[in-house]
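Worksheet for the structure shown next.
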Amino acid sequence: MTDVSRLPDFIAVGPQRTGTTWLHEVMKAHFGLPCGIKETDFFLKNYSKGMQWYLEYFRGYPPEMPLGEVDPNYFSEDVARERIEKDIPRAKIIVTLRDPVERAYSSYRVMRRDAWTRVGFEETVAKNRIIRESSRYAHYLGNWQRSFGKDRVLASLYDDLEQSPQKFLD
């Protein structure tokens, strides 16, 4: 039988380009994060692989160490939120919000760098559902709060991270 007590205690759900990679790097020294990978995408793309597949990423951590995951792909995906709510209903959720235009432009720059787009910013945003949906903060944050309760969803600001990384972590 699966040791469900070792499911994550928290999940940082993004959205993308809001400091999630930085958060993952800082947290991995103090929390049990998925071994060998930042984003499992379990609750979005790999759910059919089963819970045992997911739990393997958390094996070997001491029982007293809190477990968590940082996966910015979950933020604007209702199916991911619904699966997390079903499988880890007591999870704490971390959301970091960034000025939506700055976040979208940051995503665009990555897409240009990695040759995922060759067109301008406006056209890329118009064609890219993820960039547009991830900017609907009130809508998706509200969904996370309704699913997990306002007391279990921490909304933080990217500006605070930039101003004082230690205070942001505290």
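The values are calculated or read from the model by the stated rules, or taken from the named source; none is laboratory data. This is a predicted model, so every value here is computed, not measured. Areas reflect the complete protein model, heavy atoms only, side chains present, ligands, DNA and RNA absent. Shrake-Rupley method; radii C 1.70, N 1.55, O 1.52, S 1.80 Å.
Scanning the range 20-40 for residues that are under 16 Å from the mean Cα position of the chain (by Cα), open to solvent by 20 Å² or more (accessible area, probe 1.4 Å) and not hydrophobic (A, V, I, L, M, F, W, C) yields THR21, GLU25, LYS28, LYS38, GLU39. Residues in the range 73-91 that are hydrophobic (A, V, I, L, M, F, W, C) and open to solvent by less than 30 Å² (accessible area, probe 1.4 Å) were compared, and the one that is farthest from GLY142 (Cα to Cα) is ILE88. Any residue in the range 39-52 that is closer than 27 Å to LYS167 by Cα and among the hydroxyl-bearing types (Ser, Thr, Tyr)? Within the range 39-52, none of the residues are closer than 27 Å to LYS167 by Cα and among the hydroxyl-bearing types (Ser, Thr, Tyr). The set of residues from the range 1-19 being outside any loop (DSSP other than H, G, I, E, B) and open to solvent by 80 Å² or more (accessible area, probe 1.4 Å) comprises VAL4, SER5.
Taking the criterion of being of a type in the set (D, E, K, R) and part of a loop (DSSP other than H, G, I, E, B), the residues of the range 28-62 that qualify are LYS28, LYS38, GLU39, ASP41, LYS45, ARG59.
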